[in-house]
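Nothing in this text is a laboratory measurement; each read-out follows from the coordinates by a stated rule. Everything numeric here is computed off the predicted structure, so don't read it as measured data. Ideal geometry is used to build each Cβ from the backbone, glycine not excepted, and the neighbour counts take in all protein chains shown.
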Amino acid sequence: MIIRKADLRDLNDCVLLDTSYASEHVWQVRSEEKPYQEIAITLHTIKLPRAVRARPPRGSDHLIEDWQQGGCFLVAEDEGEVRGYLNMTVQPWLGAGWIKDLAVVPRYRRQGIGSELVRAALLWARERALHSVLLEAQTKNYPAICFCRKHGFVFCGFNDQYYPNQDIAVFFARGV
């Protein structure tokens, strides 16, 4: 497996990659205002009656533009095949990288490809003196939430107005 910077030829493979996922759990977010201007946020893992299949709400239209900006756009290649990619842009004023996309071909998931892409992105961020890396996931993308937590990303907020399809976004961050 080779993790390398994506080139123009790779973009077509990235656009065509199946980014759908299945989940048997969701994160339920509850927000409650309490006396003395206190706000309590509670996250519960809920098991669904059956697995749900979904796609990330962001399409692939932005990939070419992001690649042209020259940020961190990596592919995982094996035997001449792109098996996954990671797209991270830089937020200079924050000193942070923002992982906008992380995808692995479904039949190669849970084999360490996503982990290697994240490790390479963290190294890329460190080499550029960034302080942190952030990403977001839908509350129903429980596999992504588990992946984030496994790799040291910590929940740092949510937004129920973030996605056009009304899904709730949960945000994670970690230092580099």
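Backbone amide hydrogens, once placed in the peptide plane, bring residue 156 within less than 5 Å of 171, 172, 173, excluding anything fewer than 5 places away on its chain. Each of 42, 19 was scored by other Cβ atoms within 10 Å of its Cβ. Arranged with the fewest first, they read 42, 19. Which FRET efficiency value, to the nearest 0.05, is calculated for residue 1 and residue 166 with the Förster distance at 45 angstrom and r the Cβ-Cβ distance? Here the calculated transfer efficiency is 0.75.
Stretched out straight at 0.36 nm per residue, the stretch from residue 51 to residue 78 would grow longer than its current Cα-Cα span by 6.7 nm. Inter-part distance, the stretch 146-169 to the stretch 5-67, computed on C-alpha centroids, equals 7 Å. In this structure, residue 22 and residue 93 have a Cβ-Cβ separation that, at R0 = 30 Å, corresponds to a calculated FRET efficiency of about 0.20. Each residue, residue 115 and residue 131, gets one label point 7 Å from its Cα in the Cβ direction; the gap between the two is 3.0 nm. Note on the chain: lysine pairs with Cα distance below 27 Å, sequence gap of 8 or more or different chains, count 9. By the combined test of axial Cα extent (at least 18 Å) and Kyte-Doolittle hydropathy (mean at least -0.5), the qualifying DSSP H helices of the chain come to 113-127.
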